[in-house]
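Note sheet for the following structure.
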Ligand code: UGA
């Protein structure tokens, strides 16, 4: 059955979700306060770089199933279901800042006059859904006929479209049969394709998402701690990860050692979970997360220090080339990017940092110059840092690039470069955790 659905918030999550729901056959209106973004999306274009998103936007803005607006009055009583896909950034002290969610429901509530289901997708502290329901009911003409459910999103940037169309699981946190049935209707296509569905209470659904991101962050920090051990003892963390990853209980994914995690999700979601665990007196969890965070921050600092060492003890006045600015390959997103933290630390130590990224466009900022090619970044460099593992960096020709730099030193912060190729071309290639790599 075709439903009328609104998606409030149209950034990475909301834009992809809106396009995905149109692909599932529903009538969809995306809502955002950003006039330019709405204009771009209505033209069938994407304001972000995300593989496969633009063709989907194009197809469904043309088919008439998908459009975008800034006007909540157009969606209020029109939609059978409203999805909330707003950002929940880090607030003071690391707690989640829920102001975007509150602002959206405060705008929507007075316009709702009929029974309505509002479904949250954002990652939130447990208890948020019920607080939003309370808020909606108390300021809407529809009153207690408004219900909130939670359907957390697990999509990954760079795989967002695939993750939306073919999710690996769906989580429906509801407190009524009616809400559950509507969600099952919305996701009828993936459910027919036998995607696992977890039907649970709302608190569990909020916690599931927080736990998923905390576990992923834990895997990364664990392998980075093992990289330190390999470095100290003379082992190879990549082979170690391969070997333990063959055990299905462990799995090889998210065991890539290097600069650690960044982006708009893992760092802020685990910080918010730690804050809430502290508030609830669950110190075992907050202490655990704090050490995951400490390992992660340590990787960035260690890499900057390594670069200073390789530059002879000081980078002051020296040119440093940074390859990669996005927080991971396949995206133009630089939120909490490990590469930029390292670049900032080197700038603070006096370096002249030249940074190149195939997709990320940095706002003009003090401290470093963004250049348009690998060659421009490397020209005259004292040390080269490989900080975001874009596939094209693996294809570089070290022989040719060797003529551009002042000294042939490269630090592979993501352990992805082919060491023999670089070393055979006369480069010193440094990788933390691969002490004995050939
Ligand atoms: C993450 C989760 O993977 C998604 O499941 C979740 O839905 C999303 O957050 C969210 O909460 O919205 P995302 O932030 O897009 O997705 O990126 P990831 O692919 O998880 O990468 C996060 C960071 O970890 C990147 O900086 C990446 O370079 C780093 N990473 C990842 C490693 O350092 N090692 C690894 O083995 C894997």
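Can you tell me, using C-alpha contacts under 8 Å and at least 6 residues apart, the relative contact order of region 295-438 as a whole percent?
22
Classify region 167-212 as rounded, prolate or oblate, taking a ≥ b ≥ c as the square roots of the eigenvalues of its Cα gyration tensor: rounded when a/c is under 1.5, otherwise prolate if a/b is larger than b/c and oblate if not.
In terms of gyration-tensor shape, oblate.
Enumerate the residues in region 230-256 having an amide nitrogen under 18 Å from the point lying 7 Å beyond the Cα of residue 423 toward its Cβ.
Answer for region 230-256: 230-240.
Looking at the chain as a GNM with Cα springs under 10 Å, which of 296, 256, 144 has the largest mean-square fluctuation?
144
What is the list of residues in region 148-178 whose amide nitrogen lies under 13 Å from a point 7 angstrom out from the Cα of residue 1, following Cα to Cβ?
Residues passing the 13 Å test: 178.
With just the Cα atoms defining each centre, how far is region 166-190 from region 44-71? Give it in Å.
23
Packing-wise, with mean Cβ within 10 Å as the measure, how do 356-366, 372-382 rank, highest first? Show your work: numbers first, answer last.
Details: 356-366: 14.5, 372-382: 17.2.
Answer by packing, highest mean first, reads 372-382, 356-366.
Which length gain, in nm to one decimal place, applies between residue 365 and residue 42 when the Cα-Cα distance is subtracted from 0.36 nm times their residue separation?
Contour length minus Cα-Cα distance gives 113.2 nm.
Can you check how the C-alpha radius of gyration of the chain compares to 2.2 N^0.38 Å, as a plain ratio?
Working: Rg = 23.6 Å, N = 438, 2.2 N^0.38 = 22.2 Å.
Rounded to two decimals, the normalised Rg is 1.06.
Taking Cα pairs under 8 Å and at least six residues apart, what relative contact order does region 1-105 come out at, in percent?
Taking the mean separation of contacting Cα pairs over the length of region 1-105, I get 32 percent.
Give me the number: length gained by fully extending residue 314 to residue 103, i.e. 0.36 nm times residue separation minus the C-alpha to C-alpha distance, one decimal in nm. Write out the running numbers ahead of the final one.
On the way: separation 211, 0.36 × 211 = 75.96 nm, distance 4.82 nm.
Extending this stretch completely gives an extra 71.1 nm.
Let me check the size of region 1-124 from its C-alpha atoms; what are the radius of gyration and Dmax in Å?
14.0, 45
Please give the Cα centre distance for region 310-325 versus region 376-422, rounded to the nearest Å.
With region 310-325 and region 376-422 each reduced to a Cα centre, they are spaced 13 Å.
Highest GNM mean-square fluctuation, the chain, Cα pairs closer than 10 Å: which of 190, 125, 338?
The residue that fluctuates most here is 190.
Measure out, as a whole number of angstrom, how far apart the alpha-carbon centroids of region 225-245 and region 5-37 sit.
After rounding, the separation between the Cα centres reads 43 Å.
Restricting things to alpha carbons, find the Rg to Rh ratio for region 201-438 using the Kirkwood radius for Rh.
Details: Rg = 18.4 Å, Rh = 18.6 Å.
Taking Rg over the Kirkwood Rh, I get 0.99.
Report the residue, chosen from 175, 386, 60, that carries the largest GNM mean-square fluctuation when the chain is represented by alpha-carbon nodes joined by springs under 10 Å.
175
Packing-wise, with mean Cβ within 10 Å as the measure, how do 409-420, 40-51 rank, highest first?
Descending mean neighbour count gives 409-420, 40-51.
Read the figures in this text as sums done on the coordinates, not as results from a lab. Since the structure is predicted, the reported quantities are computational estimates derived from the model, not experimental observations. Heads up, the Cβs are rebuilt from the backbone with ideal geometry, glycines too, and the neighbour counts pull from every protein chain shown.
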